[in-house]
Amino acid sequence: MKELSLNILDIAQNSVKAGADKIDVLLEENEETLVISIADNGCGMSEEFLKNVQDPFCTTRTTRKVGMGIPLFKLAAEQTEGNLTITSKTKEKFSDESGTTITALFYKNHIDFTVLGDIVSTIVTLIQGQPDIHWHFNHKINKDEVGVDTDELKSVLGDVPLDNFEVICWIKEYLEEQYNEIGYN
Ligand SMILES: Nc1ncnc2c1ncn2[C@@H]1O[C@H](COP(=O)(O)OP(=O)(O)O)[C@@H](O)[C@H]1O
Ligand SMILES: [Mg+2]
């Protein structure tokens, strides 16, 4: 993928499919590294499944034999000399504590680093597509941070739905403004 924001979209959609109602998209970067972590409270993956999930020939979908979301994200990290780790707890074993966290480390100055790209569109698309999920987005850049939390928005919006066109536009501008304020390209 040309932009890591598209990998993030794909990985967060796995969390949606896993039945999560809370999804955290956390980014932390400095001059040298970018860490992307996507954490959900969905159904989780068994230990055995986890061993295979980073392999491109593993998927639970029957429509397509090859699931590529996680392997591609892992490849993007590894080609910068970084890595990807997954921790997961299944609903069967952990009930209320179930969920999955995928964390990828990137070395930004590596020649094969993929740009983050349009992260604002990714976050807005996720919120718009799944307005009932509690989305928490936070991006730390050195000492600054940018973010949005849909539960906080909901308490302000009252009866106005989160996928209302004007609300979606407002969220987009709200994030863009925060990035502009700290001078993030
Ligand atoms: N957050 C998650 N929670 C539970 N299962 C997951 C999660 N992410 C991935 N999986 C499982 O791993 C499989 C592989 O994911 P992925 O590599 O994105 O390929 P695909 O989504 O095309 O199947 C999924 O089909 C799903 O069974
Ligand atoms: Mg996927």
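The values are calculated or read from the model by the stated rules, or taken from the named source; none is laboratory data. All values derive from a computational prediction rather than experimental measurement. Here the Cβ positions follow ideal geometry from the backbone for every residue, glycine too, while neighbour counts run over all protein chains shown.
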> Within segment 93-113, can you find the residues that are touching a Ser or Thr at 6+ places or on another chain (Cβ under 8 Å), more than 14 Å from Ser15 (Cβ to Cβ) and either of a type in the set (D, E, K, R) or surrounded by 21 or more Cβ atoms within 10 Å (Cβ to Cβ) (or both)?
Replying inline: Ala104, Phe106, Lys108, Asp112
> Within segment 16-53, restricting attention to residues that are out of contact with any strand residue (DSSP E or B) (no Cβ under 7 Å at 6 or more places or on another chain), farther than 29 Å from Asp144 by Cα and part of a loop (DSSP other than H, G, I, E, B), which residue is modelled with the lowest pLDDT?
Replying inline: Ser46
>> Go through segment 26-43 and report how many residues are surrounded by 18 or more Cβ atoms within 10 Å (Cβ to Cβ) and away from ligand 1 (no atom under 16 Å from the Cβ).
In response: 2
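Would you be able to say whether some residue in segment 136-144 is within 16 Å of ligand 1 (Cβ to nearest atom) and either of a type in the set (D, E, K, R) or in contact (Cβ under 8 Å) with a residue 40 or more places away in the chain (or both)?
Of the residues in segment 136-144, the ones within 16 Å of ligand 1 (Cβ to nearest atom) are 136.
With either of a type in the set (D, E, K, R) or in contact (Cβ under 8 Å) with a residue 40 or more places away in the chain (or both) added as a condition, the list becomes 136.
Taking every residue of segment 136-144 in turn, at least one turns out to be within 16 Å of ligand 1 (Cβ to nearest atom) and either of a type in the set (D, E, K, R) or in contact (Cβ under 8 Å) with a residue 40 or more places away in the chain (or both).
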> Does segment 122-156 hold any residues that are part of a strand (DSSP E or B) and not acidic (Asp, Glu), and which are they?
Replying inline: His134, Trp135, His136, Phe137, Asn138, His139, Lys140, Ile141, Val146, Gly147, Val148
> Which members of segment 1-19 meet the condition of being of a type in the set (Gly, Ala, Ser) and within 12 Å of ligand 2 (Cβ to nearest atom)?
Replying inline: Ala12, Ser15, Ala18
> Within segment 155-170, can one find any residue that is in contact (Cβ under 8 Å) with a residue 40 or more places away in the chain, on the phi < 0 side of the Ramachandran plot and surrounded by 15 or more Cβ atoms within 10 Å (Cβ to Cβ)?
Replying inline: yes
